[in-house]
Amino acid sequence: MPDTVRFRTRTEFMERRNGTLPDMWLVGLDAGYSSIKTFSSNAVSVFPAFAQPFRGDTIGALPDTHYLLTDHLTGTRWVVGDAAERAVMPDDMTVSDESLYGEDRYDDPMFRVLVETGLALGMTNAAGIAPDGRTIHVQTGLPPKYLKKDSGRMVDVIAGHHSFSLQRGSHEPAEYDFTIDRSHVYLMEQPKGSVMSVIATNQHGTTDDAEQIFASNTLVLDGGFRTLDTYPIQNRHVLQPQTFPEYGMIQVLQMTADQIDKTYHTQVSSIGMQECLRRGYVRCHTKFSSEDKPFQDMLLAADKAVCGKMLDRIAQVYPLYDYNYLIVTGGAGAAWNSMIRDTLKGLHGLTILGGNRNDSQLPYLMMNARGYFHRLYFLLSSRIRM
């Protein structure tokens, strides 16, 4: 398997018991720019944040990573996630970056489809659809820079009536018809999800060092696809969280695509790069000939360059030598983890915590969704006790 695969947006669905509350169904939803992650009472899932209208038919046995959603309110069908990405040729430049990663994605029908697919996976297990009439509560988050501006639009997508079917692979389509009350959608700063994940155990308690982390100088580095988000804590006081849109995995992939174009005279789109990452090569071609060229060294060089610039910037903004804890999380954070630890190893008073330290089965990119779920569990269980 080529090393480039670890940079590709993954597709996973894992059933597991994460905890329930009486008459409630809890979903932690992290609707990222590259992937949709859910952590719910019955399952954990992630899939690429891409969908396309589907007007054709399928043939043969379909893998479980093939998602087909039929919207009963509009009559439209969508192929979602991995299958949608694979339908795009790497040099197809017709899918714009703005439609995929722009700030106004909330009005795009594709975004609603992605959210509904995530919610459906958060309500599904081997026995069928799980909530069984229970009240659905959803915790999600946004980058700190966009929280105030976009919260209402995010709630508009999640709340309300949803009616659709979702077919996974060759299984029979599962039918979903539910309504989420606006008061049952909760939002917070995205990296706060990782703070919650770092102090929350799988048994819905807190770690022995939770109070020490809150009482110390602690900084969260949440490296995502489109942004790097920070969440600084000093002696239980949350300082101003920040969003750095210039440091994310999209910059790594864009630098790599630019180098591929410069070296091989072949253009690769942002969405098409996902297929190149899966293959481990880029296919250079004319009309009647083709040749597969490696690009792993270009990718690793770009990854190192963006990480280096990010650390230089963070060190300018935050006096890392005065911090006690650094929490590294997010998909880009996972890619940069070893470089961050190596660069900062001289800061002897600094302890670096992996975002998934309490749930090592899961990758860093799942930690905000996990933290959302546990925060929601803490909140609603405290209301029950009152």
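The values are calculated or read from the model by the stated rules, or taken from the named source; none is laboratory data. Source: prediction; values computed, not measured. Don't worry about glycine lacking a Cβ; one is built from the backbone with ideal geometry, like all the others, and counts go over all protein chains shown.
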* For residues that are closer than 15 Å to V328 by Cβ and crowded, with 24+ Cβ neighbours inside 10 Å, tally how many sit in the range 228-263. => 6
* the range 41-84 - residue that is among the polar types (S, T, N, Q) and in a loop (DSSP other than H, G, I, E, B) and, of those, nearest to L121 (Cα to Cα) -> N42
* Structure fact -> Here the residues within the range 230-255 that are under 17 Å from the mean Cα position of the chain (by Cα), among the aromatic types (F, W, Y) and not in a loop (DSSP other than H, G, I, E, B) are F244
* Asked: Does S290 count as small (G, A, S) and touching a strand residue (DSSP E or B) at 6+ places or on another chain (Cβ under 7 Å)?
  -> yes
* Set G141, G133, G122: member being at pLDDT below 95 and within 19 Å of V44 (Cα to Cα) -> G122
* Structure fact -> Taking the range 285-298 and keeping only residues that are farther than 19 Å from Q254 by Cβ and in a strand (DSSP E or B), one is left with H285, S290, E291, D292
* Options Q212, Q240; residue that is farther than 27 Å from P48 by Cβ and modelled with pLDDT under 95 -> Q240
* Do we find that T20 is in contact with an Asp or Glu (Cβ under 7 Å, 6 or more places away or on another chain), under 30 Å from Y377 (Cα atoms) and of a type outside the set (A, V, I, L, M) in this structure? -> no
* Close pairs (8 angstrom Cβ cut-off, 6 or more residues apart or separate chains): touching a residue at least 12 places away in the same chain (Cβ under 8 Å) in the range 130-154, aliphatic (A, V, I, L, M) and assigned to a loop (DSSP other than H, G, I, E, B) anywhere -> A130/M123; P131/M123; I136/M123
* Structure fact -> Exception for C307 within (1) assigned to a helix (DSSP H, G or I); (2) more than 25 Å from the chain's Cα centre (by Cα); (3) not acidic (D, E) falls at (2)
* To do: Select from the range 351-386 the residues that are of a type in the set (D, E, K, R) and without any contact (Cβ under 8 Å) to a residue 60 or more places away in the chain and list them in ascending order.
  => R383, R385
* Could you tell me whether any residue of the range 190-207 is touching a residue at least 60 places away in the same chain (Cβ under 8 Å), closer than 21 Å to I36 by Cβ and not in a helix (DSSP H, G or I)? => yes
* **Close pairs from the range 20-40: first modelled with pLDDT of 95 or more, partner of a type in the set (K, R), Cβ under 6 Å, at least 6 apart** => D30/K37; F39/R370
* May I ask you to list pairs of residues, at least six apart or on different chains, whose Cβ atoms are under 7 Å apart, with the first in the range 265-283 being aliphatic (A, V, I, L, M) and part of a helix (DSSP H, G or I) and the second being at pLDDT 90 or above and crowded, with 17+ Cβ neighbours inside 10 Å? => M273/L253; M273/A257; L277/T4; L277/F7; L277/R8
